[in-house]
Amino acid sequence: MPEERIYKVELLTRVEGEGSFVLRTVGDTVVDARLSIFEAPRFFEAFLRGRTIDEVPDIVARICGICPIAYQMSAVWALESALGYAAPAAIRDLRRLMYCGEWIESHALHVFLLHAPDFLGYPSAVEMAADHRALVERGLAIKRAGNRIIELLGGRAIHPVSVRVGGFSRAPTRRELLALRPELCAGLAEAEQAVAWTASLPCPALELDYTFVALRDDRGRYPLEGGDALVIDGRAPVPLAEFEACFIESQVEHSNALQCRLADGTPYLTGPLARLHHFADRLHPRAQVAAEAVGLATTIRNPYRSIVVRAVEIVHAFAEAIDLIDAYATIEPPCVDLAPRDAVGFGCSEAPRGACWHRYEVRADGTVAAAKIVPPTSQNQARIERDLIGLAPELLALPHAEATHRCEQLIRSYDPCISCATHFLRLDIQRTEAPACDR
């Protein structure tokens, strides 16, 4: 009879909470695959009900310590939409600059400290630093440059406080921004070298069939701080207001987190690979040169190669940040007061790990009646399960330790939320003979 194998990944903490993964095969057939998120729900959508519109950016920033700006930008976009306000180009550019800082610090953390050890054969960045000190220091320097942008514009690097509905509580002076320029120029040079380094890493061979979903920037730029629709392979663009008709969240028995799929049940991929696939021609010229230098294709179907795309996006974020600083003129006033009304608004931005969509129902008294937030990791959960199923035939031929490593490396390719990143995965393989058929 065909052999049954159970692959059980415990303490998967590098997602939005704690989780585990179970894969069961009989012979060469996968009969069960579950990505379980078992941490208790965090209830942020419920917390927002009854709070004032002005409180929302500060509350949603607490959803994640690594990408708080993604939640803030999606929220202000949605709330300003509900209130009939279109932020002027100067405010949009300042928000985009702040978002560049988040991409730099988040991508650098992932590339150099969380994913690199998988490629170089170390259990963590601490052990890796003993043999690759310069590499770790490069990553920390790049991350620090991103934090500097956030700290200046947001008031602090973690959970920034200056983002407001209608603008910023304070806008920086041109002199303050120009003071960042030398560090950003140095970071850009380091980032360009990092692209070549990531492209040289030994990468497992794996090709998967993806449906890519990415935000379309309404100003024709590479998707970042806002946009007007989501683009999907082979389908018409979906306006933000129609998200819930085309993207369906559902509760699965084995997870406390909702999974999001297309309306026909298709799991999809959002994040760097999707952005590159749809909008490679909108990358900053410096990022395009870096990508071309390593022969990076515009469509990549190997999830392990996402580390290279993230390095290219770091180059993009540095180069665009410098351009935005060079073009900046002090904004006065930095914020306008908006009159509340009964309305519904929708917003979306591209977090480092994918599209982050928000909907808010607001009342004329300036409070929130209802909120819905669909983070990128929940959108990618079903796709992660599908990827591990695609990896299963290779796992069957690998020794225990190597199979464990390959699963960890694949899951981390998605850069899921890392606020609880204190454990590594453990893979248990139990082999039993399938029961004989009744005669």
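Read-outs: derived from the displayed coordinates by stated rules, not from any lab. Everything numeric in this text was worked out from a predicted model, so none of it was measured. Neighbour counts are summed over all protein chains in view; Cβ atoms, including those assigned to glycine, are modelled from backbone coordinates with ideal geometry.
Here are a few things to note about the model shown:
- Neighbour counts of other Cβ atoms within 10 Å put Cys100, Cys203, Cys64 in the fewest-to-most order Cys203, Cys64, Cys100.
- About the Cα centre, charge dipole magnitude for the stretch 44-380 (Lys/Arg +1, Asp/Glu -1 at Cβ), debye: 400
- q = 0.09, 0.13 Å⁻¹: log10 I(q)/I(0) that the Debye formula gives for the stretch 253-373, counting C-alpha atoms only: -0.43, -0.80
- Max mean-square fluctuation residue, GNM over the chain, Cα-Cα springs under 10 Å, options Thr404, Thr298, Thr330: Thr330
- For the stretch 44-380, the Kirkwood estimate of hydrodynamic radius, built from reciprocal distances between every pair of different alpha carbons, is 20.3 Å.
- Environment charge at Arg138 (Cβ cut-off 15 Å; Lys +1, Arg +1, Asp -1, Glu -1): -2
- Of the peptides 356-364, 314-322, the order by per-residue mean of other Cβ atoms within 10 Å, starting with the highest, comes out as 314-322, 356-364.
- Residues Met73, Met128, Met98 arranged by fewest to most Cβ contacts within 10 Å: Met128, Met98, Met73
- In the frame of its principal axes, the stretch 122-243 has Cα extents of 50, 48, 24 Å, reported largest first.
- Screening the chain for whole DSSP H helices of 24 Å or more along their axis (Cα) with average Kyte-Doolittle hydropathy at least -0.5 returns 89-108, 133-154, 181-199, 306-326.
- Over the chain, Cα pairs under 8 Å with separation of 6+ residues give a relative contact order of 28 percent.
- Radius 13 Å from Cβ of Ser306, net charge of other residues (Lys, Arg +1; Asp, Glu -1): +3
- A dipole drawn for the chain from +1 and -1 charges on Cβ atoms has a positive end, and of Val344, Asn380, Ala86 the residue lying farthest that way is Ala86.
- Among Ser349, Ser162, Ser200, the residue with the largest mean-square fluctuation in a Gaussian network model of the chain, with springs joining Cα atoms closer than 10 Å, is Ser200.
- Low-density loop cleavage sites - GluC sites (Glu not before Pro) in the stretch 177-269, where at most 10 other Cβ are within 10 Å (DSSP): Glu207, Glu253
- The stretch between Thr299 and Arg51, if pulled fully straight at 0.36 nm per residue, gains 85.0 nm over its current Cα-Cα span.
- Efficiency of FRET from Cβ geometry, Glu361 and Leu120, R₀ 51 Å, rounded to 0.05: 0.60
- Taking every alpha-carbon pair within the stretch 324-376, the share separated by more than 17 Å comes to 59 percent.
- When Asp217, Asp54 are arranged by Cβ crowding within 10 Å, least crowded first, meaning fewest neighbours, the order is Asp54, Asp217.
- Candidates Gly154, Gly226, Gly121, ranked by Gaussian network fluctuation over the chain, Cα under 10 Å, top entry: Gly121
- Taking amide H as placed 1.01 Å from N in the peptide plane, Arg216 has its amide H under 5 Å from the amide H of Asp228, Ala229, Leu230, Val231, each at least 5 places away in sequence or on another chain.
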